[in-house]
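Okay, structure first, notes after.
The values are calculated or read from the model by the stated rules, or taken from the named source; none is laboratory data. Given the structure is predicted, the values throughout are model-derived calculations rather than measurements. No Cβ is skipped: glycine too gets one built from the backbone with ideal geometry, and neighbour counts run over all protein chains shown. Only protein heavy atoms, including side chains, enter the accessible area calculation; ligands, DNA and RNA are left aside. Shrake-Rupley method; radii C 1.70, N 1.55, O 1.52, S 1.80 Å.
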Amino acid sequence: MIDSVFTFFWFLLLIPLIVSYGYSYRVGRAAARGDEEVPSFDDWPGMGRDGLILVAVYLAVVIALAAVTAVISLAVSAVGESSTLALPIIGIGTIAVLAGSYIAGAIVPVLIGTGSLSKTFSDRRILEFALSMHYLKGILLLFVISIGLYIAFAIGAFILAITIIGIPLVLVLYIVFPVYLVNLSFALWGYIYNEAAKAGDVEPVEPDASLGFE
């Protein structure tokens with residue numbers, strides 16, 4: 001609930017939203033450690049720092065993928081859309097963007113597991129995790145769970161809305177549900193990383209490891 005309130009006031013220089021992202025990261029980190037309970041919502045400066053790092057990583061990935069897309073568009077423009085090279089360039093470019101997006105999705109789980117930017121982007125950890133069955137399992141689980149929750153949310157919101165008196169609760173749901181889904185996503189990736197560690201495929205997170213970035 002506290003996280004939802006922070007997210008609701010994201011327009012205040014985005015600071016509450018960044019703190020919320022930092023907390024979500026720590027939820028995933030706690031799951032990767034094998035904690036049975038979610039972390040407390042304290043250490044706001046630390047969570048703000050974690051959130052900033054996470055946002056910076058997201059922006060870097062988006063910029064990189066946008067740059068690749070721009071290069072593909074420029075290449076097609078250079079040869080001409082009617083050229084016989086246009087279709088191969090588009091095909092290869094599309095495969096590159098899809099593959100890059102798939103691999104980039106493994107960054108967050110590895111960040112959760114390592115707790116460090118330097119460790120995450122070293123020793124091909126991201127690529128190794130992206131090519132593992134654990135990562136594929138996580139994607140499938142996240143997809144199925146998200147679809148199920150969205151359906152349940154839509155049904156619940158509709159039922160509350162037609163009762164008229166339940167409309168205020170619908171508004172609360174619209175605030176709480178996205179925050180819950182984000183935290184659930186990070187917790188799921190933490191769980192998947194913990195599972196991969198138990199299988200000996202990645203380095204385990206020590207029980208006393210910091211919840212924040214190193």
TODO: Can you tell me which residue among SER122, SER83 is surrounded by fewer than 17 Cβ atoms within 10 Å (Cβ to Cβ), modelled with pLDDT under 90 and over 30 Å from ALA30 (Cα atoms)?
DONE: SER83
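Going residue by residue through the stretch 168-180, is there one that turns out to be within 20 Å of ARG29 (Cβ to Cβ) and either within 15 Å of the chain's Cα centre (by Cα) or open to solvent by 20 Å² or more (accessible area, probe 1.4 Å) (or both)?
So the first thing to find is which residues in the stretch 168-180 are within 20 Å of ARG29 (Cβ to Cβ), and the list is 179-180.
Imposing the further condition that a residue be either within 15 Å of the chain's Cα centre (by Cα) or open to solvent by 20 Å² or more (accessible area, probe 1.4 Å) (or both) reduces the set to 179-180.
Within the stretch 168-180, one or more residues are within 20 Å of ARG29 (Cβ to Cβ) and either within 15 Å of the chain's Cα centre (by Cα) or open to solvent by 20 Å² or more (accessible area, probe 1.4 Å) (or both).
Scan the stretch 1-22 for residues that are in a helix (DSSP H, G or I) and at pLDDT 70 or above and report the count. It would help to see each step written out before you state the result.
Here is the first cut: in the stretch 1-22, the residues in a helix (DSSP H, G or I) are 2-8, 15-22.
Still in the list and also at pLDDT 70 or above: 15-22.
Going through the stretch 1-22 one residue at a time, the tally reaches 8.
Between GLY156, GLY148, which is in contact (Cβ under 8 Å) with a residue 12 or more places away in the chain and more than 19 Å from ARG29 (Cβ to Cβ)? Reasoning before the result, please.
Details: GLY148 fails: in contact (Cβ under 8 Å) with a residue 12 or more places away in the chain.
Among GLY156, GLY148, only GLY156 is in contact (Cβ under 8 Å) with a residue 12 or more places away in the chain and more than 19 Å from ARG29 (Cβ to Cβ).
Filter the stretch 102-119 for residues that are closer than 23 Å to ASN183 by Cβ and small (Gly, Ala, Ser); which is surrounded by the most Cβ atoms within 10 Å (Cβ to Cβ)?
Of the residues in the stretch 102-119, the ones closer than 23 Å to ASN183 by Cβ are 104-117.
Among the residues that remain, those that are also small (Gly, Ala, Ser) are: 104-106, 113, 115-116.
On the way: ALA104: 18, GLY105: 18, ALA106: 23, GLY113: 28, GLY115: 21, SER116: 14.
Per the criteria, the residue is GLY113.
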Open item on the list: Checking the structure you have, find out if any residue of the stretch 21-36 is open to solvent by less than 50 Å² (accessible area, probe 1.4 Å) and without any contact (Cβ under 8 Å) to a residue 60 or more places away in the chain.
Closed with: no
Task: Selected residue (only one of LEU54, LEU140 is open to solvent by 50 Å² or more (accessible area, probe 1.4 Å) and either touching a residue at least 60 places away in the same chain (Cβ under 8 Å) or under 25 Å from ARG29 (Cα atoms) (or both)) - done: LEU140
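Out of all the residues in the stretch 23-39, is one or more of a type in the set (S, T, N, Q) and modelled with pLDDT under 90?
Initially, the stretch 23-39 is screened for residues of a type in the set (S, T, N, Q), giving 24.
When the remaining residues are screened for being modelled with pLDDT under 90, the result is none.
Scanning the stretch 23-39 turns up no residue that is of a type in the set (S, T, N, Q) and modelled with pLDDT under 90.
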